[in-house]
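Encoded as structure tokens, the structure appears first; notes follow it.
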Amino acid sequence: MAYINQEDKKRLAPKIKAVLKKYGVKGTISISHHSNLGVRLKEGKVDLYGEKTSPHWCGSHGSDSVNTYHIDSQFTGKSLVFLKELHAAMMDGNWDKSDVMTDYFNVGWYTDIVVGN
């Protein structure tokens, strides 16, 4: 069962913040439902909209979600490098022993990257 707590967030925060600082991006880190680690990107020097290969976003109400399973196929250039590095920092210590063929999901925690408010 997916679970993440505030201690895990404190452990991951310096690595996540280092990636954000490296690329000049401002963002916040949160935990929702004790199972999901989220990073909300507010503003920065990375053009996520300009380097997206797919015109479709999964979002509403002024924000867009990055599909963390398809970063490689949906972004190019600096956006791709930034998002891969950010997601790697978010996944430090996580695991995925899921078997989708049997509808069995076993992960340490889920991740969300959201662009905007």
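See the values below:
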{"item": "Residues of segment 105-117 that turn out to be part of a loop (DSSP other than H, G, I, E, B), of a type in the set (Phe, Trp, Tyr) and open to solvent by 30 Å² or more (accessible area, probe 1.4 Å), as a count", "result": "1"}
{"item": "Among (1) in contact with a strand residue (DSSP E or B) (Cβ under 7 Å, 6 or more places away or on another chain); (2) farther than 25 Å from residue 9 by Cβ, the one test that residue 46 misses", "result": "(2)"}
{"item": "Any hit, segment 50-67, residues being acidic (Asp, Glu) and touching a helix residue (DSSP H, G or I) at 6+ places or on another chain (Cβ under 8 Å)", "result": "yes"}
{"item": "Helices (runs of 4 or more DSSP H) lying entirely in segment 1-104 (those with 1 or more residues that are in contact with a Phe, Trp or Tyr (Cβ under 6 Å, 6 or more places away or on another chain) and crowded, with 17+ Cβ neighbours inside 10 Å)", "result": "77-90"}
{"item": "Filter result (small (Gly, Ala, Ser) and at pLDDT 90 or above) within segment 38-64", "result": "38, 44"}
{"item": "Residue pairs meeting the criteria (Cβ under 6 Å; at least 6 apart or on separate chains; first within 12 Å of residue 114 (Cα to Cα) and at pLDDT 95 or above, in segment 19-37; second open to solvent by less than 60 Å² (accessible area, probe 1.4 Å) and not in a strand (DSSP E or B))", "result": "27/20; 29/13; 29/16; 37/4; 37/90; 37/109"}
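The values are calculated or read from the model by the stated rules, or taken from the named source; none is laboratory data. Just so we're clear, the structure is a prediction, and the values are computed from it rather than from any experiment. Backbone-built Cβ (ideal geometry, glycine too); neighbour counts: all protein chains shown. All accessible areas refer to the heavy atoms of the entire protein, side chains included, with ligands and DNA or RNA removed. Shrake-Rupley method; radii C 1.70, N 1.55, O 1.52, S 1.80 Å.
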